[in-house]
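See structure below.
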2 protein chains.
Amino acid sequence: MLTKAVIISIGDEILYGQTLDTNAHWLSGELNKFGIYVKKRHTISDTRKEILCTLREAEEGVEIILITGGLGPTSDDLTKPCLLEYFDTYLERDENVLNHIIKIFTARGRQVTEVNKAQADIPVNGEAIPNVLGTAPGIWIERNEKVFISMPGVPYEMQRMMTDTILPRLSKKYVKRGLIHRMIRTIGIHESNLADMIRDWEAGLPKEIKLAYLPGKGSVRLRLTAKGEDTDHLQKLMQDEINKVLPTIEKFVYGFEDEEIEEAIGRILMERKMSLSIAESCTGGYLSHKITAVPGSSQWYKGGLIPYSNELKNEQLQVSLEMLKKHGAVSEPIVLTLAENIRKAFHTDIGVSVSGIAGPTGGTKEKPVGTVWIGYSEQDKRAAKKFLFTKDRMLNIQYTATAALDMIRINLAKN
Amino acid sequence: MLTKAVIISIGDEILYGQTLDTNAHWLSGELNKFGIYVKKRHTISDTRKEILCTLREAEEGVEIILITGGLGPTSDDLTKPCLLEYFDTYLERDENVLNHIIKIFTARGRQVTEVNKAQADIPVNGEAIPNVLGTAPGIWIERNEKVFISMPGVPYEMQRMMTDTILPRLSKKYVKRGLIHRMIRTIGIHESNLADMIRDWEAGLPKEIKLAYLPGKGSVRLRLTAKGEDTDHLQKLMQDEINKVLPTIEKFVYGFEDEEIEEAIGRILMERKMSLSIAESCTGGYLSHKITAVPGSSQWYKGGLIPYSNELKNEQLQVSLEMLKKHGAVSEPIVLTLAENIRKAFHTDIGVSVSGIAGPTGGTKEKPVGTVWIGYSEQDKRAAKKFLFTKDRMLNIQYTATAALDMIRINLAKN
């Protein structure tokens, strides 16, 4: 039997659209990795009525109820009083938690007030879940073969609590791996073209396997999902199907499972002991940011330049003013020169450049908003490609970064 | 009476934690701006049973039911069949929508199949909502004084549909502004210290006004919310309270409502006709990205350099190797030199620099992971400040960017 969970996010700031609920997203991903199916997610306000109603409704048909938010020390944090009411129980102070709170406050040189101490009060039918990064402990309550877990809304506190305590306990308690996911990650091909290419394979998939297309900004992930009892059999079935489809789409596959395109490129560059530098204009730092978000990227990424103005393109990367005047900054000769000159100036094996019109202004009839040129340079190889993306500034920045990373991937594949 | 809405997000990819549900977040924010209160959000899987059950449950106690997802042309898109079943109705082809679909396919040079044409089929008890950016129209159905709105899950299609058609219609149909928000945006002060500073003011707030602290990465937003009938009165009440508290916290307030710190800085630099350049090491492009995400930032942001390696710090920004050896790259003299030299090299009024240990590796006993130095340089002014953030790479990058922007704000305030 598949273990099912429900997630309840409590917080007016979420319903007001002021805070993006990344907690429910993160929890969904982690539970799925452990083979736990998230049946539904609720986002509710910090009121007694909503919390109690939702608890009642949510626990139907699931084994695990996860709650985030409303655990702070202030009076508008209602989760704990609601749990008391829901389970008809009362609080008892947990000495371990109390000592932890006192320790944290002392380290910060602050007085422990009665309000702070009250955070150590735990419903007697439950137990405290340690919060190593904060003062509000989680709460673990079991009733009728179901587990109710209440956690703080601060993302890193919640995540640490899940990783250290909750997920290990849940995976011990429930059968693992009734739900299996595999992910094939593609780039540089549109969802509908990909669907055309693999139509026959998709039609022939065994009934245990469900396929989904997850389009991103310039990339598409193919998700295979299998539910069932015999997980070894399912794993083999999935791998067989992946092996079958790969030759058809190989050109567009850059990796599997969790690997992002920037991680895949880092992996290849590390293997080949090659280094990279970037001159990015219209992406304004986003491309370098994606790359440097990868831990250890300093081993293969040497640095970048953001020549946002034409003056800097000329002074910092020796693009001649005549050339800029003749072709415009968004053109093939300019990105080729930028890529070559950043490679030479920064002493790297590869130089990549990006120049485009992100919008909302700056477009012309010949070069409308969304026009982007990307350049690539190695000592004995050069390439440039033109793209036309959208009318939206942020989308253009994101699409361009993905396309530049894909350009690196494609040219590395030619070596 | 307050107009209430509920949001239903349909999609297995959300429940699997593979796609972050930004739609529900965006919708919440927009509805709130129009004074519509989002009572609850549901995230459910693409199954007939879940969709029908949730519709039934969701429409209780609200006037507006918004649904995203499950409107595509493929067989796993179940929203339309479920709406037919829920309202016991049938489909009729909408000629306007059909023409729009044919136009889009023709422009892309693709054949219109029967599956594509079927996207023009709309429940007879409802009407089509134009989708200028895609082929799946939205659906607007009214029953018992309630509006049911079904939209595609593609964010930019949904957003355009809301902005062009749905929000104007909703605001005409329902009383506007039963719910008012004001936001005071602070930076460079911890939530608990801020709370201490304004304790008396908070205690004296009129009962119509609710206060909430919304902490971000290095910033805290203070949200004032008022619900009631007489919105003019509430507006005045709110403004009075804001005027009362401002003198106490002025030093930390950079703006109001939707304004981000990078927009606030851009506003000031434009007013003063000043320009900015950045040398960022540990943030790896993120700081420049935040700045260049602001439309029109090219008017005051000239460019940046990401000297990720020490070699580049030396060659590109003339930081001497002796200095690097003596003090280490993460130090006061280095960030002061970087800030001054980027300002000079890029011919800007202000130069800012960032150097730190983002982690997970690279920390030492003297300079643990999370240690960051930020430098600031104007022709007749210079400053540097040390920070100690977290053990987490992404958090450190985000906190550093915020702190650097705050450093610019503080130094501009001194002029």
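The values are calculated or read from the model by the stated rules, or taken from the named source; none is laboratory data. Predicted model, so just to flag it, every value in this text is computed and none were measured. Quick reminder, even Gly has a Cβ in these numbers, built from the backbone with ideal geometry, and neighbours come from all protein chains shown. Remember, those area values only see protein heavy atoms, side chains included, never the ligands or the DNA or RNA. Shrake-Rupley method; radii C 1.70, N 1.55, O 1.52, S 1.80 Å.
Can you confirm whether segment A:334-357 contains a residue that is of a type in the set (Phe, Trp, Tyr) and free of Cβ contacts under 8 Å to residues at least 40 places away in the same chain?
Looking through segment A:334-357, none of the residues is of a type in the set (Phe, Trp, Tyr) and free of Cβ contacts under 8 Å to residues at least 40 places away in the same chain.
Taking the condition of being more than 12 Å from chain B (Cβ to nearest Cβ), free of Cβ contacts under 8 Å to residues at least 60 places away in the same chain and out of contact with any Phe, Trp or Tyr (no Cβ under 9 Å at 6 or more places or on another chain), how many residues in segment A:378-415 meet it?
Residues that pass the stated criteria total 7.
With respect to B:VAL132, is the statement that it is open to solvent by 30 Å² or more (accessible area, probe 1.4 Å), out of contact with any helix residue (DSSP H, G or I) (no Cβ under 8 Å at 6 or more places or on another chain) and farther than 19 Å from B:THR3 by Cβ true?
No: the conditions fail for B:VAL132.
Would you mind telling me which numbered condition in (1) surrounded by 18 or more Cβ atoms within 10 Å (Cβ to Cβ); (2) more than 24 Å from A:THR54 (Cβ to Cβ); (3) of a type in the set (A, V, I, L, M) A:ALA118 fails?
Status for A:ALA118: all satisfied but (1).
Return the pair list, or none, for Cβ contacts closer than 8 Å from residues in segment B:292-313 that are more than 8 Å from chain A (Cβ to nearest Cβ) to residues that are part of a helix (DSSP H, G or I) and open to solvent by 10 Å² or more (accessible area, probe 1.4 Å), at least 6 apart or on different chains.
Partner pairs satisfying both residue conditions: B:VAL294/B:GLU262; B:VAL294/B:GLU263; B:GLN299/B:MET270; B:TRP300/B:MET270; B:ASN310/B:LEU321; B:ASN310/B:LEU324; B:LYS313/B:LEU324.
With the requirement that a residue be within 14 Å of another protein chain (Cβ to nearest Cβ) and touching a residue at least 24 places away in the same chain (Cβ under 8 Å), what does segment A:319-333 give you?
A:ALA329, A:VAL330
Considering only segment B:342-372, how many residues are under 16 Å from A:LEU312 (Cβ atoms), surrounded by fewer than 21 Cβ atoms within 10 Å (Cβ to Cβ) and within 13 Å of another protein chain (Cβ to nearest Cβ)?
3
Determine which member of the set A:ILE291, A:ILE278 is assigned to a helix (DSSP H, G or I) and open to solvent by less than 60 Å² (accessible area, probe 1.4 Å).
It is A:ILE291.
In contact (Cβ under 8 Å) with a residue 12 or more places away in the chain and not in a helix (DSSP H, G or I): which single residue out of B:THR186, B:THR165 fits that description?
When all the criteria are applied, what remains is B:THR186.
How about segment A:180-206: which of its residues are open to solvent by 50 Å² or more (accessible area, probe 1.4 Å) and at pLDDT below 90?
A:HIS190, A:GLU191, A:ASN193, A:ASP196
Tell me which residues, restricted to segment A:213-243, are among the small types (Gly, Ala, Ser), under 17 Å from A:GLU191 (Cβ atoms) and crowded, with 19+ Cβ neighbours inside 10 Å.
Within segment A:213-243, A:GLY218, A:SER219 qualify.
If I go through segment B:28-43 residue by residue, how many of them are of a type in the set (A, V, I, L, M, F, W, C) and at the interface with another protein chain (Cβ under 7 Å from one of its Cβ atoms)?
Qualifying residue count, segment B:28-43: 1.
Inside segment B:18-107, counting only helices (runs of 4 or more DSSP H) that do not spill past its ends, which hold 2 or more residues that are aromatic (Phe, Trp, Tyr) and surrounded by fewer than 19 Cβ atoms within 10 Å (Cβ to Cβ)?
By residue number, B:79-87.
For B:TYR213, are the conditions met, namely being of a type in the set (Phe, Trp, Tyr), within 13 Å of chain A (Cβ to nearest Cβ) and either out of contact with any helix residue (DSSP H, G or I) (no Cβ under 6 Å at 6 or more places or on another chain) or part of a strand (DSSP E or B) (or both)?
In short, yes.
Is there a residue being more than 24 Å from B:THR135 (Cβ to Cβ) and in contact with an Asp or Glu (Cβ under 6 Å, 6 or more places away or on another chain) anywhere in segment A:212-234?
Among the residues of segment A:212-234, at least one is more than 24 Å from B:THR135 (Cβ to Cβ) and in contact with an Asp or Glu (Cβ under 6 Å, 6 or more places away or on another chain), which makes the answer yes.
Hey, any hits in segment A:270-286 for a residue that's free of Cβ contacts under 8 Å to residues at least 60 places away in the same chain and either within 10 Å of chain B (Cβ to nearest Cβ) or hydrophobic (A, V, I, L, M, F, W, C) (or both)?
yes
Please enumerate the residues belonging to segment A:135-179 that are closer than 19 Å to A:LYS103 by Cβ and open to solvent by less than 80 Å² (accessible area, probe 1.4 Å).
A:THR135, A:ALA136, A:PRO137, A:GLY138, A:PRO152, A:VAL154, A:GLU157, A:MET161, A:THR165, listed by residue number.
Please give the number of the condition A:GLN316 fails out of (1) open to solvent by 10 Å² or more (accessible area, probe 1.4 Å); (2) within 14 Å of another protein chain (Cβ to nearest Cβ); (3) under 30 Å from A:VAL330 (Cα atoms); (4) not in a helix (DSSP H, G or I).
So the condition that A:GLN316 fails would be (4).
Given (1) over 26 Å from B:GLY216 (Cα atoms); (2) in contact with a Lys or Arg (Cβ under 7 Å, 6 or more places away or on another chain); (3) at pLDDT 95 or above, identify the lone condition not met by B:TYR308.
Only one criterion in (1) over 26 Å from B:GLY216 (Cα atoms); (2) in contact with a Lys or Arg (Cβ under 7 Å, 6 or more places away or on another chain); (3) at pLDDT 95 or above is unmet by B:TYR308, namely (3).
Take the residues in segment B:1-17 that are open to solvent by 10 Å² or more (accessible area, probe 1.4 Å) and free of Cβ contacts under 8 Å to residues at least 60 places away in the same chain, then tell me which one is nearest to the other protein chains (Cβ to nearest Cβ).
Step by step, filter segment B:1-17, then rank; the result is B:GLY17.
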